[in-house]
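The block underneath contains the structure these notes are about, expressed in structure tokens.
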Amino acid sequence: MAQDDLHDPETGNSIVGDEVLFAEDPREDELDEDNLLKPEFVNAVRAAVAADDTARAYDLVEPLHPADVADLLELLTSDERRDLAAAITDLMTGEVIAELNDYVREDMIEALPASAVADIAEQLDTDDAVQLIEDLDDEDQQAVLAEMDAEDRAAIESALSYPEESAGRLMQRELVAVPDTMTVGNLIDYLRDHDGLTTEFWEVFVVDHRHHPVGTCQLSWILRTPRHIPLMDVMKRDQTLIPTDMDQEEVALRFQKYGLISAAVVDDSGRLVGQLTVDDIVHIIQEEAGEDALLMSGAGDGDINEPIRDAYYSRVRWLVANLGTALVASLIIAAFGGAIEQLVALAVLMPIVASIGGNAGTQTMAVTVRAIALNQLTRSNTKRMVWRELRVAMLNGVTVAALVGIATALVFTPQLGVVIAAAVVINTVTAGLAGVAVPIIFDRLDQDPAVASSVFVTMITDSMGFFAFLGLAVAAGLAG
């Protein structure tokens, strides 16, 4: 028999039998299906902030996920986000701060008193708290740390003692570690009886009397194993241990290579001091991939929230360097000025040679930089990699040369078609060699191969393209 519909006047929900039909929240329409903030919603928040209507601003922002609150703050100007933060103080949790872009977070933190920053840091896991505090000036760091509990302060000071972008700086101190003398039953009782343990973990680290990790137990194993079984009999002994001084790129490679969910971090004496989890590694992979792509273009951090002065300094130096390398190509063209005057077709065709070489060099360089970043290219296989790319370049060069040579022969002369075809082959092979050699050389010099490789590869391909084409034209007697 159908039951009467009930209506909750507070929530607006209808209850039919045991089923609750939730009333639509009109604010949900201001978010699209991909959880991206719509312009109408952002403008509504801006209007509320401008009108100093803190209640309206709070009501608009309250239903958002912390990550969406962070995105909203990033869409506002510096003054607007500070005013909004003041209006939604209760919603400015550690989760929101942790999700903020680096530049925006720094701007927000500078506007807060040290006590407020300390309160936010204490809500976060150690790794997120360190990320929050590490960019502050030394004076501000000390002021924030002075406001924190002794235990939290000690953990953050310990993390800050490790190099930036190292495992020690990134690791979480919150973990569950138990002695190897326990049984499964002892472990279950320990997890239930100790309220101070971290609430989010996937596996338990088993340590010996020296606090050295000797194995791990996944929660699924613990729940399905009889209580009397010793941990030593069910734990996984094969581990991937991460030294505290390991660079974050190498850490990410290990997680990718071995398919890790979490990994123990150990100090110089082999003691367990923290853990890294896959969610941390996802951020590292995204950060490193984006950083390499931007460095290859000379765009600096490439962040739309980066201050204009910083963006200017990071980009203009590479443009100036590019100007210098472009002058080399210009000097080569000038050396063949007489030949170009005699045969205008040379001026029409020589950009084709340089462009094809530039694209070929960029392709090879991208593959090489990626291989270096993923540790696929090492000293043991460098020769094979170089030979492989030369063969690919040769095949590409011959294919493109045939097409451009035939077209040139039909439009101009067969002799000029042969010249441009030969120049394309020469420049494409040179581009392949430069695209693989330049990043390797930078890597051998302990420099980031993504930083300046593109500038030098472009210089080599442009210069060789012009020189090969114009030089062959003169040698063939097409121009004097």
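Data table
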{"quantity": "Among (1) more than 25 Å from VAL265 (Cβ to Cβ); (2) at pLDDT below 85 - the single one GLU151 does not satisfy", "calculated": "(1)"}
{"quantity": "Segment 368-384, subset under 18 Å from the mean Cα position of the chain (by Cα) and part of a helix (DSSP H, G or I), residue surrounded by the most Cβ atoms within 10 Å (Cβ to Cβ)", "calculated": "VAL369"}
{"quantity": "Condition broken by PHE205, with the remaining ones in (1) over 23 Å from ASP127 (Cα atoms); (2) modelled with pLDDT of 90 or more; (3) aromatic (Phe, Trp, Tyr) satisfied", "calculated": "(1)"}
{"quantity": "Whichever residue in segment 150-182 is in contact (Cβ under 8 Å) with a residue 24 or more places away in the chain and under 19 Å from ILE109 (Cα atoms) and, among such residues, is surrounded by the fewest Cβ atoms within 10 Å (Cβ to Cβ)", "calculated": "LEU160"}
{"quantity": "Residues of segment 428-468 satisfying the condition of being among the hydrophobic types (A, V, I, L, M, F, W, C), surrounded by 20 or more Cβ atoms within 10 Å (Cβ to Cβ) and closer than 17 Å to GLY397 by Cβ", "calculated": "VAL429, ALA431, ALA434, VAL436, ALA437, VAL457, ILE460, MET464, PHE466, PHE467, ALA468"}
{"quantity": "Extreme residue, farthest from GLU122 (Cα to Cα), among residues of segment 208-240 that are of a type in the set (A, V, I, L, M) and over 31 Å from the mean Cα position of the chain (by Cα)", "calculated": "ILE229"}
{"quantity": "Unmet criterion (only one of (1) over 20 Å from LEU260 (Cβ atoms); (2) surrounded by 18 or more Cβ atoms within 10 Å (Cβ to Cβ); (3) among the polar types (S, T, N, Q)) for THR244", "calculated": "(1)"}
{"quantity": "Those helices (runs of 4 or more DSSP H) lying entirely in segment 203-295 with at least 1 residues closer than 19 Å to VAL176 by Cβ and of a type outside the set (Ser, Thr, Tyr)", "calculated": "219-224, 231-234"}
{"quantity": "Check on HIS209, within 20 Å of VAL266 (Cβ to Cβ), out of contact with any Asp or Glu (no Cβ under 7 Å at 6 or more places or on another chain) and free of Cβ contacts under 8 Å to residues at least 40 places away in the same chain", "calculated": "yes"}
{"quantity": "Segment 441-475, subset within 22 Å of the chain's Cα centre (by Cα) and of a type in the set (A, V, I, L, M), residue nearest to ILE332 (Cα to Cα)", "calculated": "ALA452"}
{"quantity": "Residue that is farthest from ASP247 (Cα to Cα), among those in segment 146-198 that are over 26 Å from the mean Cα position of the chain (by Cα) and part of a strand (DSSP E or B)", "calculated": "THR183"}
{"quantity": "Hey, MET171 outside the structural domain of ASP238 (by TED's automatic domain parsing), in contact with a Leu (Cβ under 6 Å, 6 or more places away or on another chain) and either within 30 Å of LEU91 (Cβ to Cβ) or small (Gly, Ala, Ser) (or both) or not", "calculated": "yes"}
{"quantity": "Filter result for ALA263 (within 27 Å of VAL130 (Cα to Cα), in contact (Cβ under 8 Å) with a residue 24 or more places away in the chain and in contact with a Ser or Thr (Cβ under 8 Å, 6 or more places away or on another chain))", "calculated": "yes"}
{"quantity": "Count of segment 431-480 residues which are outside any helix (DSSP H, G or I) and modelled with pLDDT under 85", "calculated": "8"}
{"quantity": "Selection count, segment 167-191, where residues are polar (S, T, N, Q) and at pLDDT below 90", "calculated": "1"}
{"quantity": "Selection from segment 405-423 of residues that are in a helix (DSSP H, G or I) and in contact with a helix residue (DSSP H, G or I) (Cβ under 6 Å, 6 or more places away or on another chain)", "calculated": "GLY405, THR408, ALA409, LEU416, GLY417, VAL419, ILE420, ALA421, ALA422, ALA423"}
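Okay, residues lined up against (1) within 23 Å of GLN286 (Cβ to Cβ); (2) loosely packed, with under 13 Cβ neighbours inside 10 Å; (3) of a type in the set (S, T, N, Q); (4) without any contact (Cβ under 8 Å) to a residue 24 or more places away in the chain:
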{"site": "VAL184", "(1), (2), (3), (4)": "no, no, no, no"}
{"site": "ARG192", "(1), (2), (3), (4)": "no, yes, no, yes"}
{"site": "VAL204", "(1), (2), (3), (4)": "no, no, no, no"}
{"site": "VAL214", "(1), (2), (3), (4)": "no, no, no, no"}
{"site": "LEU219", "(1), (2), (3), (4)": "no, no, no, yes"}
{"site": "LEU231", "(1), (2), (3), (4)": "no, no, no, no"}
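The values are calculated or read from the model by the stated rules, or taken from the named source; none is laboratory data. All values derive from a computational prediction rather than experimental measurement. Because the Cβ atoms are built from the backbone with ideal geometry, glycine has one as well, and the counts that use them run over all protein chains shown.
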